Amino acid sequence: MFPNTALVTTKLRRKTLISDLPMQYEYVLAFDPTHIPDMNRILSWINDPNKAQSVQEVIIDCRHEAGGISKITLDIEYKIIGVLSQLFLLTDLRRLRLHFRSTYNENLDTDEMKKAEGSIYLKLQVMILKYLVGGFRPENLTSLEITNLIAMPNDLSDNIFQSQEIPAFFSPFKDVTISILSDLRLQSLDGWDALSFWTESLPNILENIPNAMLLDISTNDIESTALMPWDSINMESLTMLSLDGFMFTGKFEGVEAFIHRHRLYSLTLSECSILLNEVDTPRFWSSVYNFLSEQTSGFSRSKLL
């Protein structure tokens, strides 16, 4: 927590809503969207003009089970819609953090997994993203963090990442951090083809963040990253890039082509791999790094982990 920053939170962090802090503080609203009392208190805070104007960060944290929910009731849905539809009142909001669960299907049997209909938390993620992308427009918002974004196909995600609102939602961000969760078991089951996330959805997101100076992406599915059409992605303002779990497919293609056509100040690669085939001579990270450095002005900061 930074100096002159106050955390306005709920049972999520074993505290109660703070309502009498001095207004010179910068406020952080943190809440669990499945816990209705939390949502009521947050909504009350947002609708107080004196308090709302001091909020600079919102954290929506779905990693806990505050109420031990077994389904998304209408009450929960209405509260989520109510809060998300009012976030535009936070006129000085700078940072948005979305923390989703990393184990959204642990209780599903095989049939439910095939349909992907039994996961409450997958539905919750779709609902939150849908209402944020559809109507969330704070003017000063510059930083976005999404933890455990599910690599879901277009039909299951209700085509959120192909919607016309994507450019308006993502374009203001200058600092973007996304960790992507790809369920390797579900990809091979009938009715679930997560590859469209890598070939269509994620590229569409990146193409619509023209002002991003920092991009940090991590994933648990290195093989699928090789399918991304990096050639179509251009981020003119990008100066700092961090990739965790990505496949390097060739010297003049894929993510290497993306990196060397951007004048990066900082590059961090972690848990990445080089694709090997029977035709090309094996490549090593030293040659990859030298190639990227030659094609740019040279990295002021670089790290291979």
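The values are calculated or read from the model by the stated rules, or taken from the named source; none is laboratory data. It should be emphasised that the depicted structure is a prediction, and the values quoted were computed from it without experimental measurement. We place every Cβ from the backbone using ideal geometry, glycine too, and count neighbours over all the protein chains shown.
Filtering Ser270, Ser218 for residues that are in contact with an Asp or Glu (Cβ under 6 Å, 6 or more places away or on another chain), touching a residue at least 40 places away in the same chain (Cβ under 8 Å) and over 27 Å from Asn140 (Cβ atoms) leaves a single hit, Ser270. The number of residues in the stretch 160-190 being at pLDDT 90 or above, in a loop (DSSP other than H, G, I, E, B) and in contact with a Phe, Trp or Tyr (Cβ under 9 Å, 6 or more places away or on another chain) comes to 0. Which residues, taken from the stretch 123-177, are touching a residue at least 40 places away in the same chain (Cβ under 8 Å) and of a type in the set (Lys, Arg)? Hits for the stretch 123-177 are Lys123, Arg137, Lys174. Regarding the stretch 7-23, can at least one residue be identified that is modelled with pLDDT of 80 or more and buried (at least 20 other Cβ atoms within 10 Å of the Cβ)? No, the stretch 7-23 contains no residue that is modelled with pLDDT of 80 or more and buried (at least 20 other Cβ atoms within 10 Å of the Cβ). In the stretch 28-39, of all residues being under 22 Å from the mean Cα position of the chain (by Cα) and among the β-branched types (Val, Ile, Thr), the one that is surrounded by the most Cβ atoms within 10 Å (Cβ to Cβ) corresponds to Thr34.
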